[in-house]
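These notes are about the structure you will find just below.
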There are 2 protein chains.
Amino acid sequence: MFKIDTVQSASFLVACEEGSIRSASERLGVEPSTISRQIKALETSLGTALIERGRKGVRPTEAGTILRTYLKHQQSEQETLLSEFDALKGMRRGELMIAVGDGFISDFVGNAMTSYKAAFPGFTYDLLSGSTEQVLHAVRTDRAHLGLAYNAGKERAIRTAAQVKQPLDLLVSPTSEWADLSEPVTMAQLETLPSALLKSGFGVGDMIAVAEGAHGVRLRALVHSNSLAVLRSFVREGLGVTVLPAFVVTREIADGTIATKRLAVPELRKGEASVFTRYGRRLPEGVTRLVDHITRSMVAFRNAG
Amino acid sequence: MFKIDTVQSASFLVACEEGSIRSASERLGVEPSTISRQIKALETSLGTALIERGRKGVRPTEAGTILRTYLKHQQSEQETLLSEFDALKGMRRGELMIAVGDGFISDFVGNAMTSYKAAFPGFTYDLLSGSTEQVLHAVRTDRAHLGLAYNAGKERAIRTAAQVKQPLDLLVSPTSEWADLSEPVTMAQLETLPSALLKSGFGVGDMIAVAEGAHGVRLRALVHSNSLAVLRSFVREGLGVTVLPAFVVTREIADGTIATKRLAVPELRKGEASVFTRYGRRLPEGVTRLVDHITRSMVAFRNAG
DNA sequence: GGTTAGCGTTGCCTCTGGGGCAACAATAAT
DNA sequence: ATTATTGTTGCCCCAGAGGCAACGCTAACC
């Protein structure tokens with residue numbers, strides 16, 4: 001595959017620079033015979049004479065001159081390669097492949113990514129978003145280094161790096177008829193409310209399904225969707241309520257377009273936001289450091305519910 | 001100097017292509033342990049992880065991907081390098097460094113170079129011209145592979161590849177008063193003729209000096225020059241005569257502007273045109289082949305005087 | 001012109017280090 | 001839980017790289 005051995009090349013190159021095999025041997029700290037043999041071996045493998053052996057040293061033949069410029073060129077290319085590696089190691093660049101649950105997007109981009117970018121500029125991101133199930137799958141199959149998802153069940157292949165309880169709340173529009181419901185809201189009350197819910201595959205959707213089963217009820221879901229944007233709009237427009245962890249709507253809470261109400265349903269309070277990787281996978285350092293930033297800056301992981 | 005070992009690179013590359021160390025080991029015909037160790041050694045020398053070891057094989061890390069593209073690129077460059085070597089070996093290209101005596105220029109360019117170019121296109125020439133002494137020096141100091149000169153004396157450092165007797169003739173203009181001199185011309189006659197002669201350092205000049213000494217005479221040299229063109233013009237214009245081997249004025253003889261007359265001076269008939277190289281120098285094949293063309297096609301070497 | 005110094009090369013020997021073998025740990029699939 | 005497959009590691013052996021010294025050769029020097 002590669003006909004040009006590196007050690008042999010070095011001998012050849014130094015011999016050309018020094019002009020004699022003996023001085024090359026001194027510079028490289030080996031015997032002249034070694035240099036002689038290495039160059040000869042290189043010539044054999046290339047099938048071409050590379051140096052003229054003369055009375056007072058050696059000089060490259062025409063083929064040798066060509067090889068020399070080739071090696072010089074390659075050497076400089078290798079230096080840029082090594083500096084790229086240095087940049088990778090020194091956290092000056094890198095690529096992070098992250099899969100995030102839809103609910104984490106704004107939190108992640110607005111907080112974790114922002115602070116990380118300030119600390120380590122030069123990193124690029126491959127950001128997948130989707131349901132909890134999709135995030136888990138991406139991590140399992142190494143399509144992402146790191147996953148952020150809600151209510152990701154334990155499984156052998158997944159190693160959880162951080163996990164914070166984030167109970168589901170009832171989200172309502174402050175201007176709607178449901179704004180003055182008294183807390184905590186019970187399952188019985190919930191059953192009567194028009195709602196927009198996430199489909200299964202999403203952590204939230206699965207939790208609600210479990211709660212429905214436990215209480216033997218079915219919520220009046222006007223909408224089942226795979227889009228959080230649908231749920232938010234649904235609530236803001238006063239069409240009904242939804243059930244989500246609070247961190248998903250941090251901004252809407254802040255600007256007063258959505259309000260939260262505690263739920264008195266134990267099954268809906270067990271949810272956890274988690275950061276996880278594939279079990280056994282050796283991660284780039286950049287990813288490890290990113291986990292720190294996530295746990296320190298993201299609302300979903302800072303606030304213990 | 002070179003941190004990237006070729007054998008290690010090959011292991012790494014094949015492992016990435018095959019997707020597992022074991023299949024790579026099969027393809028390379030070695031044990032998996034070898035591949036594993038080589039890749040690990042490469043990682044150590046580069047100070048960077050290159051592959052992620054996984055449950056069902058290996059895959060390059062980010063650094064590994066960069067290295068991979070680098071190696072691919074290098075591989076293709078190496079191929080072009082090897083094809084250049086092939087071209088050199090196959091006599092499809094090369095550079096010939098030739099030093100020729102001034103008198104050989106038109107003969108060499110018109111005959112040897114022409115036929116050689118037809119046989120081996122793609123060769124380039126570095127053509128030095130000068131006196132016999134300059135040609136010898138160029139060959140001695142390896143500034144030329146091959147030398148063509150007149151009356152190059154024997155010396156240890158020079159190996160003569162071909163040598164042909166080329167006696168000096170008297171050159172006259174056919175329309176001049178010396179056109180009807182009877183042959184052979186003696187030294188005594190020569191002494192009375194106005195002449196243009198080459199300076200010493202040239203083979204011809206040195207021979208004439210020797211003959212002068214042997215006969216105890218001095219020729220009436222109106223002009224001493226280091227330029228054959230001067231001598232030719234001098235004769236053509238009917239200003240006098242000169243002494244040169246006939247092959248120097250082949251064209252002038254052919255078109256009738258210069259005529260030759262035999263000389264009855266033994267010292268002036270001993271001259272030889274020779275092709276030579278530095279003793280002990282290993283020559284590119286192209287040069288060896290060129291010698292054939294020279295001896296077969298050049299007037300100076302074809303015609304035994 | 002012989003002699004000497006310096007060049008690259010080669011034969012011999014030593015010993016390092018690459019690579020085979022087999023057992024092992026870890027993981028995915030059954 | 002078990003099995004099959006992955007990469008890894010300890011052990012051992014031998015090819016091959018490299019040191020040593022003698023050699024052949026050329027160039028320069030007296």
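Values in this text are rule-based calculations from the coordinates and carry no lab data. Small disclaimer: the values here were computed from a predicted structure and weren't measured. Heads up, the Cβs are rebuilt from the backbone with ideal geometry, glycines too, and the neighbour counts pull from every protein chain shown.
Based on the reciprocal of the average 1/r between different C-alpha atoms, the Kirkwood radius for region A:6-89 equals 13.4 Å. For peptide A:94-103, the mean count of partner chain Cβ atoms within 10 Å of a residue's Cβ comes to 1. Measuring spread by the Cα atoms of chain A yields a radius of gyration and Dmax of 31.5, 103 Å.
If the segment from residue A:128 to residue A:218 were pulled out straight at 0.36 nm per residue, it would be longer than the present Cα-Cα gap by 29.2 nm. Under 14 Å from a point placed 7 Å out from the Cα of residue A:163 along the Cα-to-Cβ direction: which residues of region A:273-305 have their backbone N that close? Output list for this probe position: A:273-277, A:279. Within region B:168-268, the proportion of Cα pairs with more than 15 Å between them is 56 percent. Database remark: amide H of residue A:151 closer than 5 angstrom to the amide H of A:272, A:273, A:274 (H placed geometrically; neighbours at sequence offset of 5 or more, or on other chains; Pro and chain starts carry no H). In a fully extended conformation the segment linking residue B:257 and residue B:183 would gain 24.8 nm over its present Cα-Cα distance, using 0.36 nm per residue. Within chain A, the longest run free of GluC sites (Glu not before Pro) that sit in a DSSP loop with at most 16 other Cβ atoms within 10 Å is A:1-154.
As an equivalent ellipsoid, the protein assembly as shown spans semi-axes of 94, 24, 18 angstrom, where each value is the square root of five times an eigenvalue of the C-alpha gyration tensor, largest first. Relative to the current alpha-carbon distance between residue B:233 and residue B:264, full extension at 0.36 nm per residue lengthens the span by 8.7 nm.
Helical content of chain B, expressed as a calculated mean residue ellipticity at 222 nm, amounts to -12500 deg cm²/dmol (DSSP H runs of 4 or more residues, -39,500 (n - 2.57) each, divided by residue number, nearest 500).
Residue-normalised convex hull volume from the C-alpha trace of region B:144-183: 113 Å³ per residue.
Taken as entire DSSP H runs, the helices of chain B that both span 24 Å or more between Cα atoms along their own long axis and average -1.0 or more on the Kyte-Doolittle scale are B:62-89. Close amide H pairs (under 5 Å, H built 1.01 Å from N) link residue A:100 with A:128, A:129, A:130, A:148, residues at least 5 positions away or on another chain. Computed over region A:261-305, the range of Cα coordinates on each principal axis works out to 42, 23, 10 Å, biggest value leading.
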